[in-house]
Amino acid sequence: MKTFLKKVAAQSPWLYRINAGSCNGCDVELATTACISRYDVERLGCKYCGSPKHADIVLITGPMTTRVKEKVLRLYAEIPDPKVTVAVGICPISCGVFRDSYAIEGPIDKYFPVDINVPGCPPRPQAIIEGIAEAISVWRTRL
Amino acid sequence: MSSYTIPVGPLHVALEEPMYFRVEAQGEMVVGLDITAGHVHRGIEALAMTRNFYQNITLTERLCSLCSNSHPSTYCMALENLASIRIPERAEYLRVIADEIKRVASNLFNCAILGHIIGFDSLFKHVMETREIMQDVKETIYGNRMDLAANCIGGVKYDLDEERSKYLWQQMERMKKHLDEIYALYCKNSFVRLRTEGVGVLSKEDALRFAVVGPVARGSGIDYDVRQKSPYAAYDRLDFEVQTENGGDVLCRAKVRLREAQQAVRLIQQCVTDMPAGPTCIDTPPEIPAGEAIAKSEAPRGELIYYLRTDGSDIPERLKWRVPSYMNWDALKSMLVGDKISDIALIVNSIDPCISCTER
Amino acid sequence: MFSFLKILVRNLIQGPSTDPFPFGETFTPEGLRGRVRFDASACVGCRMCEHVCAGGAIRFEQSESELRFTLWHNSCTFCGLCQHYCKTKAIVLTEDWHLSHRQEEKYAMVEQGTVPLAPCLGCGISMIPVADELMRVAYRETNQDIDRLRRLCPDCRRKLGIKGVQRCKM
Amino acid sequence: MLEMLSPFFHLLLFPGGLFALACGLLLKGVDRKVAARLQRRIGPPLHQPFVDLIKLWHKDSSVPETAQSRVFAWAPHVGVTGMALAALLIPIGGVYTPSGAYGDLLVLLYLLAVPAVALMIGGAASGSPFGAIGFSREMSMMLAYEGPLLLALLSVALKVGLATGGVATFSLAEIVRYQQAHGALLFDPVMWPAVVTFLFVIPANLGVVPFDIPEAESEILEGPLLEYSGKELGLFQIMSALKMVVVLGLGVTLFCPTAPGGLLLSLAWFIFKCLVLMVASVTVVRSATGRLRIDQAFSFYFKWPEALGVASLILVLTTRNFP
Amino acid sequence: MQDVISQVKEALDGALSPSVAIDWKCDFKGVKTGWCKLPESDQLLAAASAISTMGGRLSTVTAYLAEKYRKQGRREIAYHFDLDGTTLTLTIELPLEKARVASLTPLFRNADWNEREFMELYDIDVIGHPDPRRLFIDETIEPAVFDGLIPYSTLINGASSKTLWEAVMAQNSKEQGK
């Protein structure tokens, strides 16, 4: 019964987006992926939520700037366990073109565990969906 | 009534990007505003001074993904001005096409977010679906949905063959129909009008005082468009009108943006018809002498200005740019005070704030 | 409200516009800028790609016997400047966009290639033979003389050239 | 023995408790599916609300540091209890008639305010400024829609009461009985203003666009719900699912409680009527509109539904002599 | 367009006592850019005020510090004005140490952010600025960060790049060895 319930629960991964100083390319693509009819993540049971407290899968964009760092870390800590982290775009993964600037503190895996990387600048929505699908399979094992 | 402070942001769902306001409110009314900027400050100007001219094309494109074509093209224009490089005529038209495609997508995105903020989810989705046509065009012609990578020093990197020109033309025909419908919706729909009319008013005097640019200025009745005032690329040979509205509220700005999107579609079609054959890029590697130059363009959000200073090496001595949102953002102080808390996100969105551009 | 109801009814009639992906095929346009492919046999070792790469995604390592190319996709912006400035198109962007991966594979997302160095037929210094691809671009078809040329270092080629000039003068 | 257990049965299993919850979640699933279709989407599977709920039970829940933790944790329980009690009062034509001991229309009216109160308490206790704004907005909304709601209920109570020889009857069973005998009030033109008033009240009562002002995601980040997570959030979802059934069930009871007879058929008929009512007054409305500002919503309710409610009352009173 | 040139000359001549030379450039489209170096930095306010009365708009301000200037112990600030499509740049020279410049905010409201920006990037003081807080740069980052930047150094010493690339190389040479 317990395993069955967990299996059922895995079909409801709610998404939350954190912008850690991105150029908003990935954010726009995330909004597109999450909200519009063409990609409709709701059919995967996903829901885009407004509060970190409701999130299961965290999508992070941006190279982590100095000024946003504390806020991102605080926000990340607010997301209840179990959670899965997806780095969207090359910025959170390696800081991309912004690497080695005085105002950049990334990459993101220096601060908290990342599970899935979706490289691209920005990745296309289909690639993001692929990443989310992968994240769901990781999430299933964590419940 | 005593006032209280509410934080907006920095990571607010309604806003694409991190920005932080401390809004002072009395009841539901905004009485004061303090902006803390810099959450997306990545030190790009410093990075630009450590990278060579080629790398800076890609770097400037990553300033912001919504006006990602305006940056490299204006940067390349600054280099070309400095080195007195005349780009091939076909490249001039191709630059206009890339710029206008981005303008349509960017303006539609902003108007869609307006729908989202007023809780009109179906409208948001409807406009975003229409924008997908532009996204497909970008992906098909340039290979990416946001960053076109269309420019290089002395011209453009892409070309439109017969087949692609035809494809572009057909997609623009499709867009026309959708854009007309969307424009009518924004003008007539009572829910859109109830929430946006008379909200976040920026008077013409204030607009001049804050020196706002782009659709924000034109929404307040200032007739200024870089494409007409200081023409570049092929704009001196294209036929278009500057769009203005006099109300200065959220709805006027949205209307200006939508009309500019409609016009952009016509501009793209003009380019496809008028474009002469020929090379798309100069064929010798550019030589950049020491000196300084200015280049300006009309990005989707307004006037974009680049200042470039070189010392004869292949790394800029100083590269500085001022983006349209820079002044528009500061002008929020004038727009927000006196309005309702529920309209904060709406008014902020109405200047189409590009934080990543502004903070660099 | 009523102007919008019309659109809703139309939506209902037209049916969902949702892309079948990830359960089915999706649309991938020709010329999408995706995963980078490197063809060592076409590389002339000019390192222009490394020079123009803003993401710092390309590294060359030169040793005695080879020039090793590494591109890390997790730092690549897919801007295509490398391809644009590569005369022999040894570096190209493919349409493969399936790049998402688990964190364990973060550092393995690379494209690598090795360009072997060969001794110059003239002086024996270690050098990269001119790529076949470049020869094709330059001469369309090759013969034995041209093939010999590609294995000469620039110095020896110049010497050969001067000799040729001298011969002509005589 | 059985007699003594029946209130518990009614409260926990049928028609309250599990049945109402299942019903409410199903309604929500249909709502999401239909909304998706209206937006050219495939949408989530029908059972998605069930899945979401089970998921929330598997998540950690946290209490913010700034919150008054005990009040914060109890608020959702209050809401769920209130709604479970309210579900007891909803008659299902041909299947279930609530005992008069449980309460009447007036009790129901009070119970309907419980979820809003629970949200207000929770929002205020969360210590977040958005929770506080949500609190004040929830309060204004209640003030705005309670009037028309009361007028609509009163119209029905008077109509039935006057026809059966009294003044006004607040017994739900009586209202159902009257309509089963004399035909549904929905088909009586005299009642149409009341029907429309009630339709206007539903979206505000259920907190959906254009009246989801207290929970506006893009303005105040879901307001009172912002700080809730895990089980507590799940409880609020249960509350809103139950409320869905109660409000729609009330609508069905007031205006069209007739049943075809037969246990299962009547049950299905009840659910179907709820569904139709929901699609008409919730799904389509929220798909075709944008959110109003609190002052606009407030003045809207004081204008149209209030006027309609008064008109309906006058109509009922003036037509009583000429049935 | 000729009259813009004469108008600017007239306005600046009226404001500044020894008249200044303006270098005009024109691109292929006929768009003009004027370049003018003010001999004294305290002439800025008078010149800017003349442009303001002409109806000019402050486009942006660029402060810069080239390597060769650093050796000469000086720095420059360029003020870019827009005159209905024509750009006029006024440049002033300041000392490297203890640079001070008057604020333009009384004349141009939008000078506010521009001045805050070069205050935080360079070691320059703005006299009479209404709100001299930092604009974009976090308090944890050292002041006058652009003054400290020596070209190439960040590229070569890029610690972050180095760590990442070491990881990339380590993993991939390992795999080749298998």
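Averaged over B:107-116, how many beta carbons belonging to a partner chain fall within 10 Å of each residue's beta carbon? Don't skip to the end; give the middle numbers.
Values: counts 0, 0, 4, 0, 0, 4, 3, 1, 1, 5.
For this peptide, the per-residue mean of nearby foreign Cβ atoms is 2.
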In whole Å, how far is the Cα centre of the range B:284-360 from that of the range E:1-69? 21
Just to confirm a number: summing +1 for Lys and Arg and -1 for Asp and Glu over residues other than residue A:80 whose beta-carbon lies under 13 angstrom from that of residue A:80, what do you get? 0
Listing B:146, D:141 from the residue with the fewest other Cβ atoms within 10 Å to the one with the most, what is the order? D:141, B:146
Förster radius 56 Å - calculated FRET efficiency between residue B:314 and residue B:208, Cβ distance, rounded to 0.05: 0.85
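Pull up the DSSP beta bridges for the protein assembly as shown and report the antiparallel fraction as a percent, rounded to 5.
Details: 73 of 96 bridges.
Roughly 75 percent of the beta bridges in the protein assembly as shown run antiparallel, per DSSP.
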Report the label-to-label distance for residue C:51 and residue D:311 in nanometres (one decimal), using points 7 Å from each Cα along the Cα→Cβ vector. 8.0
Hz values of 3J(HN,Hα) by residue in the range B:217-227 - Karplus curve (6.51, -1.76, 1.60), Gly and Pro given as x: 5, 5, x, 9, x, 8, 8, 9, 9, 4, 4
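Provide a whole-number value for the mean count of partner chain Cβ atoms within 10 Å of the Cβ atoms in peptide D:42-50.
Values: counts 10, 6, 10, 5, 0, 3, 7, 1, 3.
Shielding by partners across D:42-50 averages 5.
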Please determine, in degrees from 0 to 90 and to the nearest 10, the orientation of helix B:121-142 with respect to the longest principal axis defined by the Cα atoms of chain B, where the helix direction is its Cα long axis. 10
The range B:186-243-the range E:73-133 distance, computed between alpha-carbon centres (Å): 28
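For residue D:46 and residue B:52, what is the calculated FRET efficiency with R₀ set at 60 Å and r taken between the beta-carbons, to the nearest 0.05? Before the final figure, lay out each step's value.
Numbers: r = 58 Å, r/R0 = 0.96.
Efficiency, from the Cβ-Cβ distance: 0.55.
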What value, in deg cm²/dmol to 500, does the helix sum -39500 (n - 2.57) over DSSP H runs of n ≥ 4 give at 222 nm once divided by the residues of chain D? -22500 deg cm²/dmol
Just to be sure I understand the model, the point goes 7 Å from the Cα along the line to the Cβ. What's the resulting residue D:99 to residue E:17 distance in nm? 10.5
What does the net charge come to around residue B:333 if you take all other residues with beta carbon closer than 13 Å to its beta carbon, with K and R at +1 and D and E at -1? -4
Just subtract the alpha-carbon distance of residue D:168 and residue D:8 from 0.36 nm times their residue separation and send over the number in nm, one decimal. 54.6 nm
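Going by how many other beta carbons lie within 10 Å of each one, how would you line up B:39, C:98, fewest first?
Working: B:39 28, C:98 10.
Least to most surrounded, the residues fall as C:98, B:39.
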Spacing of the two label points (7 Å from each Cα toward its C-beta) at residue E:173 and residue B:176, in nm: 6.2
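Can you give the FRET efficiency to the nearest 0.05 for residue C:140 and residue D:304, using r as the Cβ-Cβ distance and R₀ = 56 Å? Write down the numbers at each step before the final one.
On the way: r = 82 Å, r/R0 = 1.46.
Here the calculated transfer efficiency is 0.10.
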Given the rule -39500 (n - 2.57) for each run of at least 4 DSSP H residues, summed and divided by the residues of chain C, what is its mean residue ellipticity at 222 nm, to the nearest 500 deg cm²/dmol? -8500 deg cm²/dmol
Packing-based order for E:104-113, B:181-190, using average beta carbon neighbours within 10 Å, highest first: E:104-113, B:181-190
Under 20 Å from a point 7 Å along the Cα-to-Cβ line of residue B:159: which residues of the range C:78-95 have their amide N that close? C:80-93
Excluding residues fewer than 8 places away in the same chain, name every one of the lysines whose C-alpha is closer than 26 Å to that of residue E:32. B:229, B:296, B:320, E:9
How far is helix D:69-89 tilted off the main Cα axis of chain D, in degrees rounded to 10, range 0 to 90? 20
I want to check a number: in chain D, how many lysine pairs have alpha carbons closer than 20 Å, given a sequence separation of 8 or more or different chains? 11
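With an 8 Å cut-off on Cα pairs and a minimum separation of 6 or more residues, tell me the relative contact order of chain E in percent. The partial results should precede the final answer.
On the way: 248 pairs, mean separation 27.0, N = 178.
Reported as a whole number, the value is 15 percent.
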Per residue of E:51-60, count partner chain C-beta atoms within 10 Å of its C-beta, then hand back the mean as an integer. 3
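Counting only other residues whose beta carbon sits under 14 Å from that of residue E:28, what net charge do I get with K and R as +1, D and E as -1? Walk me through the numbers before you get to the answer.
Details: positive: B:86, B:95, B:237, E:25, E:29, E:32; negative: B:80, B:89, B:92, B:236, E:27.
Neighbourhood net charge equals +1.
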What's the angle, to the nearest 10 degrees (0 to 90), between helix B:250-274's Cα axis and the longest principal axis of chain B? 20
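Grab the DSSP H runs of chain B that are 4 residues or longer, score each as -39,500 (n - 2.57), total them, divide by all residues and round the 222 nm result to the nearest 500 deg cm²/dmol. Can you show the working numbers first?
On the way: 15 runs with 177 residues, N = 360.
Value at 222 nm, helices only: -15000 deg cm²/dmol.
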Under 20 Å from the 7 Å Cα→Cβ point of residue D:192, by amide nitrogen: which residues of the range D:246-269? D:252, D:254-257
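Just want to confirm a number: the relative contact order over chain C, from Cα pairs under 8 angstrom separated by 6+ residues, in percent. The partial results should precede the final answer.
Values: 229 pairs, mean separation 39.1, N = 170.
Averaging sequence separation for qualifying contacts and normalising by length gives 23 percent for chain C.
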Using alpha carbons only, how many angstrom separate the centre of the range B:124-143 from the centre of the range A:84-136? 23
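Computed from the coordinates by the stated procedures, all read-outs in this text should not be read as laboratory data. Bear in mind the structure is a predicted one, so any value in this text is a computation, not a measurement. Positions of Cβ are generated from backbone atoms using ideal geometry, with glycine treated the same way; all protein chains shown enter the neighbour counts.
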